[in-house]
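Okay, so here's the structure we're looking at.
The values are calculated or read from the model by the stated rules, or taken from the named source; none is laboratory data. None of these values were measured; they are calculated from a predicted model. As a convention, Cβ positions derive from the backbone with ideal geometry for all residues, glycine included, and neighbour counts pool all protein chains shown. SASA here: full protein model, heavy atoms, side chains in, ligands and nucleic acids out. Shrake-Rupley method; radii C 1.70, N 1.55, O 1.52, S 1.80 Å.
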Amino acid sequence: MLPSSVSVEDGPDGPCLFSSFAALPSNRTALELVTAFAAGRVPLAFVQGPAGWGKTHLLRLAARAVGGRLGTPVRLISSLSISKPVSSIEREGALIVDDLHLAAGQPRVRQHLLMTLERRARARRPTLCACLTGGCGAPRRLLPLPREWRHATLEEPSPEERVEVLNALGRTAGVSLSEAAARLICRLVRGDGRSLYGAITRLRVAAGQDLSGICPLRVAGLLNPYLQDERGIDLRDIVEDAVSRSLGSRLRRSEPEIPRTLAVYVMRRVMGLAERSVAAYYGLPPARVFRIERRAEQALGRGERTLRDGLERVVCHIERRLDEF
């Protein structure tokens, strides 16, 4: 899946390449099978799993590990690459084939794939295959001599495991995250490991490598474009609602500028939303948003109690709202 500091047993020639793979309960059987294949203990191996949670990453690590052990490059190909009989593929010392499910609906490709895999299986030539869970039906449809193959399934990670995956991705990208921020990201960002990596990349570009000291609300704000596109969630609406609920109706009537001032400050200074985004939300020129933001900052600097207390209530309300995702 996705790199982590969790170690798999080191080999005799140095640290195991698979120590870069996040070893989790959901993927442990697949990881153990692939490492056994890479070490030469299992000649014929087959892995199934959902998209985006580490199958191809595992295959790449296996190719590197086997290539290092044998001293020759190991071919890692898609099942669609076996579109005709290729004797060199049948004779190769080790072969790794990804995406077996893609061949299931193409009779000619499937025929050549079965022929190639059967010859390799009968010769006990090291062969590792992978496909999507349920993508090709029963493994025996694409695996000749099915009883000769060792099978393992890589499962989708649990919510707790997603946090581990995210932290592993962060370490790989050199990004530091607080525990609260990591859990918030996993609640907000749906999808697979690629989606989580996209979130990490967005945060790194927007705020740099060290995010450990950034409050979760700012992390959420930096992800607002993703949330709008992928989940239809607009944090500007959440801020506006929080301000409305946090300030009494009497205050809103007597000081009508405070709600907008507070909302703009939270959007810009607490959550880090883009000035143009905030301006577009209120139908204001960006320069006006900047002036509102500056006035709020100066008022808070003077210790203005109404704005300070309102800010505390608004932030607490937003945090509670984000906890619901």
Looking at this structure, is Val278 within 17 Å of Cys215 (Cβ to Cβ), surrounded by 18 or more Cβ atoms within 10 Å (Cβ to Cβ) and under 31 Å from the mean Cα position of the chain (by Cα)?
-> no
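Kindly establish whether Leu273 is assigned to a loop (DSSP other than H, G, I, E, B), aliphatic (A, V, I, L, M) and within 18 Å of Gly221 (Cβ to Cβ).
On the way: assigned to a loop (DSSP other than H, G, I, E, B): yes; aliphatic (A, V, I, L, M): yes; within 18 Å of Gly221 (Cβ to Cβ): yes.
Taking the combined requirement at face value, the residue satisfies it.
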Any residue in the stretch 81-91 that is open to solvent by less than 50 Å² (accessible area, probe 1.4 Å), acidic (Asp, Glu) and either at pLDDT 90 or above or assigned to a helix (DSSP H, G or I) (or both)?
-> yes
Pair list, Cβ < 9 Å and 6+ apart or interchain, from the stretch 169-192 residues that are at positive phi to residues that are open to solvent by 60 Å² or more (accessible area, probe 1.4 Å) = Gly174/Arg204; Gly174/Gln209; Gly191/Glu230
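Could you tell me whether Arg308 is open to solvent by 80 Å² or more (accessible area, probe 1.4 Å) and over 30 Å from the mean Cα position of the chain (by Cα)? So that I can check it myself, show each step before the final result.
Details: open to solvent by 80 Å² or more (accessible area, probe 1.4 Å): yes; over 30 Å from the mean Cα position of the chain (by Cα): yes.
Answer is yes for this residue.
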Search result, residues across the stretch 127-180 that are polar (S, T, N, Q) and either modelled with pLDDT under 90 or not in a strand (DSSP E or B) (or both) = Thr133, Ser158, Asn167, Thr172, Ser176, Ser178
Out of the stretch 28-53, which residues are in a loop (DSSP other than H, G, I, E, B) and more than 30 Å from Arg122 (Cβ to Cβ)?
-> Pro50, Ala51, Gly52, Trp53
When every residue in the stretch 112-126 that is under 17 Å from Ala63 (Cβ atoms) and not in a helix (DSSP H, G or I) is compared, the one most open to solvent (accessible area, probe 1.4 Å) is Arg125
Would you say Ile292 is part of a helix (DSSP H, G or I), farther than 23 Å from Ala206 by Cβ and open to solvent by less than 50 Å² (accessible area, probe 1.4 Å)?
-> no
